[in-house]
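> Encoded as structure tokens, here's the structure I'll be asking about.
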Amino acid sequence: MSIIRVALDKPLNTLFDYLGPAGVTEQDIGCRVFVPFGKSRMTGVIMEVASYSDISPDKIKQAGQVFRDVPPLPPELLDLFRFCSEYYHHPLGEVVMNGLPIRLRGSQPFFIRTAPIVFQYRLTTKGRAVDISAIPGRSIAKRRLLVKLKESGMIEDGEAKQFSSRTSEAMKEFVGLQWVEEIPLAPPVVSTSPSQETSPLPVLTPAQKNAIDAIVPKMGEFHTWLLHGVTGSGKTEIYLQLISLLLRQARQTLVLVPEINLTPQLELIFRARFPGVRLVSLHSGLNPTERAEGWVQAQHGEAEIILGTRLAVFTPLPRLGMIIVDEEHDLSFKQQEGLRYSARDVAVFRAKRAGIPIVLGSATPSLETYYNAITGRYLLLRLPSRAPDNASLPTVQYIDIGKIKTQEGFSPPVIAALEKGLASNQQSLVFINRRGYAPILLCRACGWTALCHRCSSRLVVHLREKKLRCHHCGHQAEFPSLCPECGNQDIAPFGHGTQRIEAALTRLFPDARIARIDRDSTRRKDSWQRILKDIREQRVDILVGTQILAKGHDFPNLSLVSILNSDASLFSTDFRASERLFAQLMQVAGRAGRSGTPGEVLIQTRFPDHPLYRALYQHDYDALARILLEERKTAHFPPFVYQALLRAEAPAIATTLAFLAKAATLAKAPHQIKVFDPVPAQMARLKGMERAYLLVQSRSRKKLQEFLGNWRTKLDSLPSHKVRWTLDIDPLEF
Ligand SMILES: Nc1ncnc2c1ncn2[C@@H]1O[C@H](COP(=O)(O)OP(=O)(O)OP(=O)(O)O)[C@@H](O)[C@H]1O
Ligand SMILES: [Zn+2]
């Protein structure tokens, strides 16, 4: 009898032994299996097959069915899961099951919907010899069918079904009598030949050509390339040409994007360039069956381009030839719950194991990546200017709103610029990174503001629905008519959100076609695609939106970008705030003037001389990156040190802190590890839980990893009644 070691979705860092069903062999490693667990049953993945178990023969349980509906997970993928479990110090079973599409985690086998087979029916010699009178007159359907077959010799399934509901039956009978033969029609042949590429291809800029010439000779080797190209420099074209090369070698490309919103645009571009190629999109917007189907197609090697958000990094890809991570700096690549992995970092590991190149693309690389590139760990390629012939980077101007008064959030120069855009049929973008109507509901008499009782945050005013909403936990409250503190009637929304700016624009420019783009307006399925189409087909004059608009979009007719209020982040306590604000502003600004018409960026601020704004004025990413890296070095922050957080939360802060204090005493740290004191999280209260963390860091990743391994084992044995805790490696949020 064989023993199987199974990964289960349980918070225990171990595999579970079972007696394998008859016939189980090593070939079944990577298959899903249905097993009893406690009083219930669940699906796991066979990680090992062994001949011996530590569990005594009378205790070990018998495993149930092994699912062989899809091929077993390949060894490389199991290896990737093991790496994630070790690096992120997370239970292997949870890592494995988190990596599978939901449909494959269930208790039923999964059968992919295949396209129905289409048949043709051809009259045989025997059939041709049959006389119509041989069929009784009342069998009208049969008679008609035979007449039709005699006329045309052959008909297709669909056509036959059209002329009577009884044809299928009649046809079966004819097949039985050998009057007709049934011929399955081959599915339409999809050619993967890149010769199908649509022409003409753009003439590459010298910088694009350099980049391609550098990568192509090293296509068969592992290297991490940083493609640092300014906004609109044509990074996508480089991806396309590299993919084209891989298609000719019949290899797969995995393309990761930070947001589901970015998939439709890239999908269109890829499909237009490679019409016959099979592309699957994998993201959370698909239903579980669609996702599982895409995953299985990728696993079978049928899909050649796999485009997806972070979860796609765990797709089995037998012919993987390259990974592309677009907008690599984006925070969305990091999962912020459960297994807190960075899809970008996991992708780099995956490429290394597979011996293939990985291309990280960004106009504003993360400082970690940038540092790796300037110190030679990654290979740096630059695209310093915009790709289209007549396009250049937009001009940036600051409007000092400490000196100039604004009206409904808009300064006169911004209003004038919007007017000019309308008059010349150019699109404009108004950026305000806050959805809702106003961020605060304020009593003007006593200063009361509406707070969420479950989170340390204010409730946001949503005027249209007459609701107050917490953007962190979803809590909703009614709009009070009086101040609950002092009874005053003078309570009003304070500050601006996208809805309020949209309303103001409608008043200022009644004839303009305005589209608001934020999480609320794009919630419904397809709404984002509809808005994108409207923008492309010039049915929108002014776009108002949050950071959703800042990322990677190419709107050729957009020439003006106005940034209304971004000063708040200048003075945040988070050491990454400047990096993020800069990236965000550079990305939004980068939407202007991408195809010829000169672009213009207007920024309203009270601090026009801030070094961050000065660097933005000159489009000088490197200047700011140097300043920030210098600061990080002095302050011992990443990328000069490696960090991990022990995060904990409990209904009472005292419980949380007591747990962390105990955890700290377990951390008898070797001298190269620094263990800080427990502190409350930036968002100290979330969904009714009081949150705090303990930071540990080291200059040596290896030392930190060793330390974490030991510490985690001790933490597992710590009583943690009422406390939820987790380790966050390379944390991005505090
Ligand atoms: N060699 C070229 N000649 C002319 N136009 C080009 C060339 N390469 C790319 N383009 C065009 O330049 C525009 C910008 O390209 P793309 O969207 O790839 O920029 P990007 O580098 O990804 O920018 P961002 O970082 O802002 O997303 C696109 O409209 C693209 O069609
Ligand atoms: Zn809340």
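Every read-out reported here was derived from the displayed coordinates using simple, explicitly stated rules and does not represent laboratory data. Quantities reported herein were computed from a predicted structural model and do not represent experimental measurements. Heads up, the Cβs are rebuilt from the backbone with ideal geometry, glycines too, and the neighbour counts pull from every protein chain shown.
> At a Förster radius of 56 Å, what calculated FRET efficiency corresponds to the Cβ-Cβ distance of R128 and S107, to the nearest 0.05?
So, using R0 = 56 Å, E works out to roughly 0.60.
> What does the charge count near H636 come to, summing +1 for each Lys or Arg and -1 for each Asp or Glu among other residues with Cβ under 11 Å from its Cβ?
My count for the surroundings of H636 gives +3.
> Let me have the relative contact order for the chain, percent, based on Cα pairs under 8 Å that are six or more residues apart.
10
> Right, another one. Tell me the GluC sites (Glu not before Pro) within segment 328-407 that lie in a loop according to DSSP and have at most 11 other beta-carbon atoms within 10 Å.
Here the sparse-neighbourhood loop sites are E337.
> Same structure, new question: Using only Cα atoms and rounding to the nearest 10 degrees, what angle (0 to 90) does helix 206-215 make with the longest principal axis of the chain?
60
> Using a cut-off of 19 Å between alpha-carbon atoms, which aspartates and glutamates can reach K352, once sequence neighbours fewer than 8 places away in the same chain are excluded?
E76, D79, E86, E221, D326, E328, E368
> Determine the sum of side-chain charges near D326: Lys and Arg each +1, Asp and Glu each -1, restricted to other residues whose C-beta is under 15 angstrom from that of D326.
-3
> Between T506 and A661, what is 0.36 nm times their sequence separation minus the Cα-Cα distance? Round to one decimal in nm.
50.3 nm
> Cysteines without a disulfide-compatible partner in the chain, using Cβ under 4.7 Å as the rule?
C31, C84, C473
> Please give the calculated 222 nm ellipticity per residue for the chain, where each DSSP H segment of at least 4 residues contributes -39500 (n - 2.57) and the sum is spread over every residue; nearest 500 deg cm²/dmol?
-9000 deg cm²/dmol
> For a quick protection proxy, order the peptides 556-565, 262-271 by their average other-Cβ count within 10 Å, most packed first.
556-565, 262-271
> With axes computed from alpha carbons, what is the tilt in degrees of helix 167-176 against the longest principal axis of the chain, rounded to the nearest 10 within 0 to 90?
With rounding to tens, the tilt is 50 degrees.
> For helix 653-666, what angle does its Cα long axis make with the longest principal axis of the chain, in degrees from 0 to 90 and rounded to 10?
80
> Turning to a different aspect of this structure: Give the residue list of chymotrypsin sites (Phe, Trp or Tyr not before Pro) in segment 1-101 that are DSSP loop and have at most 10 other beta-carbon atoms within 10 angstrom.
Those satisfying the criteria are Y52.
> Further question on the same structure: Place a +1 charge on the Cβ of each Lys and Arg in segment 119-184 and a -1 charge on the Cβ of each Asp and Glu, then give the dipole magnitude about the Cα centre in debye, rounded to the nearest 20.
So the magnitude is around 280 debye.
> Quote the charge dipole size of the chain about the Cα centre in Debye, to the nearest 20; the model charges only the Cβ of Lys and Arg (+1) and of Asp and Glu (-1).
1020
> Can you classify segment 268-326 as rounded, prolate or oblate using the Cα gyration tensor, where a ≥ b ≥ c are the square roots of its eigenvalues, rounded means a/c under 1.5, and otherwise it's prolate if a/b beats b/c and oblate if not?
rounded
> Towards the positive end of the charge dipole of the chain, with charges on Cβ (+1 Lys, Arg; -1 Asp, Glu), say which of L451, G593, F270 has the farthest Cα.
Looking along the dipole axis, the top candidate is L451.
> Non-local amide H neighbours of R606 (under 5 Å, H modeled in plane, Pro and chain starts lacking H): which ones?
Excluding prolines and chain starts, which carry no amide H, the hits are I401.
> Could you tell me which of the pairs K662/K714; K126/K172; K334/K633; K10/K714; K10/K703 are separated by over 20 angstrom between their Cα atoms in the structure shown?
With Cα atoms farther than 20 Å apart: K334/K633; K10/K703.
> Order the peptides 592-601, 517-526 from the highest to the lowest mean number of other Cβ atoms within 10 Å of their residues.
Top of the packing list down: 592-601, 517-526.
> For K533, go through the aspartates and glutamates and keep the ones whose alpha-carbon is under 19 Å away, minus same-chain ones fewer than eight residues off.
Those aspartates and glutamates meeting the cut-off are E259, E267, D518, D520, D541, D554.
> Whole Å is fine, so just give me how far the alpha carbon centre of segment 248-301 lies from that of segment 393-440.
What the calculation gives is 37 Å, centre to centre.
> Another question about this same structure. Under the classification rounded if a/c is under 1.5, otherwise prolate if a/b is larger than b/c and oblate if not, where does segment 219-346 fall, given a ≥ b ≥ c as square roots of the Cα gyration tensor eigenvalues?
Since a/c stays below 1.5, the shape of segment 219-346 is classed as rounded.
> Also, quick follow-up: What net charge is computed for the residues neighbouring I55, neighbours being all others with C-beta under 10 Å from the C-beta of I55, Lys and Arg scored +1, Asp and Glu -1?
Overall, the nearby charge balance is -1.
> Roughly what would the spin-label model give for A423 and H610, points 7 Å off Cα along C-beta, in nm?
With each label placed 7 Å out from Cα toward Cβ, I get 3.2 nm.
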